[in-house]
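Trainee: The structure under discussion is supplied below as structure tokens; questions concerning it will follow.
Coordinate-derived values only; no laboratory data. Quantities reported herein were computed from a predicted structural model and do not represent experimental measurements. Don't worry about glycine lacking a Cβ; one is built from the backbone with ideal geometry, like all the others, and counts go over all protein chains shown.
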Amino acid sequence: MAAGAGEVRRAVYPGSFDPPTLGHLDIISRAARLFDELIVAVAVNAQKKPLFTLEERVAMLQECCQHLPNVRVVPLQGLLARFAQSVGACVIVRGLRAVSDFEYEFQMASMNRQLAPEVDTCFLMTHQQYAFLSSSIVKEVARLGGDVSQLVPPNVHARLTQRFAAESAGEATPATNL
Ligand code: PNS
């Protein structure tokens, strides 16, 4: 149900966050200023094979959001629209980087509206500084030994370094979707 006067304005910011980047954190801190409560929902995505497990992604974001008292990080196992309804959120927040994001975002927002008409989607323009940034490009560069320390929070950088060091040492570190 949408928030009325005097009600808590709760928003959900969903994503794969594999891994979280400074672009994600920029959206989180801005959304946390716009809403009374922000729930960062870390999704299981059956179509993607994540580098980090769901638990690792939740833990990384919890570490990053410690200084934001109105932000909660939780795992998201099912339908986003149903989750938003179940926590009483009036808004789903998404970041928009470029025109290329639009089609996918439009499709998702339309489907979510179909499923939960009372929950609106709110798009925040990504800061220009992070317009080119994605989790996929961070993983690719980090995997090949490039410096991503300016693109992700320090705790995420440490985990990436550790993960790819283990990978190049021949340790199998496949993350499951669960
Ligand atoms: O960071 P991503 O991968 O672009 O985020 C996509 C995400 C997690 C928001 C989307 O896949 C999602 O909402 N997943 C939850 C399952 C669901 O509700 N799917 C239908 C979306 S219309």
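Trainee: Given points 7 Å out from each Cα along the Cα-Cβ axis, report the residue 102 to residue 33 separation in nanometres with one decimal.
Mentor: 2.6 nm
Trainee: Can you tell me which of 160, 115, 76 moves the most in a GNM of the chain? Springs connect C-alpha atoms under 10 Å apart.
Mentor: Taking springs between Cα atoms under 10 Å, the residue moving most is 115.
Trainee: What per residue convex hull volume, in Å³, comes out for the range 69-111 when only alpha-carbon positions are used?
Mentor: 106 Å³
Trainee: With viscosity set to 1.002 mPa s at 20 °C, what whole-number translational diffusion coefficient in µm²/s follows for the chain from Stokes-Einstein and a Kirkwood radius over Cα pairs?
Mentor: 127 µm²/s
Trainee: Okay, next question. What does the helix-only formula give at 222 nm for the chain: each DSSP H stretch with n ≥ 4 adding -39500 (n - 2.57), the total divided by the residues, and the result rounded to the nearest 500 deg cm²/dmol? Display every interim value, and only then the final one.
Mentor: Details: 6 runs with 72 residues, N = 178.
Result for the chain: -12500 deg cm²/dmol, rounded to the nearest 500.
Trainee: Report the Cα-based extents of the range 1-103 along its three principal axes, largest first, to the nearest Å.
Mentor: Over the range 1-103, Cα extents along the principal axes are 42, 31, 28 Å.
Trainee: Per residue of the range 71-87, in order, report the coupling 6.51 cos²θ - 1.76 cosθ + 1.60 (Karplus, θ = phi - 60°) as ³J(HN,Hα) in whole Hz, putting x for Gly and Pro.
Mentor: 10, 10, 10, 9, x, 10, 9, x, 6, 4, 4, 5, 4, 4, 5, 5, 9
Trainee: For the pair residue 131/residue 150, report the inter-label distance in nm, with labels modelled 7 Å from Cα in the Cβ direction.
Mentor: Placing both labels 7 Å along Cα→Cβ, they lie 1.7 nm apart.
Trainee: Next question. I want the local charge near residue 60. Using Cβ-Cβ distances under 13 Å, sum +1 for each Lys or Arg and -1 for each Asp or Glu among the other residues.
Mentor: Result for the neighbourhood of residue 60: -1.
Trainee: If you don't mind, another one. So for the chain, averaging the separation of alpha carbon pairs under 8 Å that are six or more residues apart and normalising by length, what relative contact order in percent results?
Mentor: Values: 276 pairs, mean separation 53.3, N = 178.
Computed value for the chain: 30 percent relative contact order.
Trainee: Gaussian network model of the chain, Cα springs within a sub-10 Å range: biggest mean-square fluctuation belongs to which of 163, 72, 30?
Mentor: Highest fluctuation of the listed residues: 30.
Trainee: May I pose another question? Could you work out how much longer the chain between residue 82 and residue 70 gets when fully extended? Use 0.36 nm per residue separation minus the Cα distance between them, nm to one decimal.
Mentor: Between residue 82 and residue 70, full extension yields an extra 2.2 nm.
Trainee: Taking amide H atoms as placed 1.01 Å from N in the peptide plane, list the residues 5 or more away in sequence, or in a different chain, whose amide H sits under 5 Å from that of residue 122.
Mentor: So residue 122 has HN proximity to 92, 93, 94.
Trainee: Taking springs between alpha-carbon atoms closer than 10 angstrom, which of 11, 43, 131 fluctuates most in the Gaussian network model of the chain?
Mentor: Between 11, 43, 131, it is 131 that shows the largest mean-square fluctuation.
Trainee: Also, quick follow-up: Using R₀ = 35 Å, calculate the FRET efficiency as 1/(1 + (r/R₀)^6) where r is the Cβ-Cβ separation of residue 9 and residue 161; round to 0.05.
Mentor: That gives a FRET efficiency of 0.35.
Trainee: So how do 127, 24 line up by other beta-carbon neighbours within 10 Å, fewest first?
Mentor: The most exposed by this proxy come first: 127, 24.
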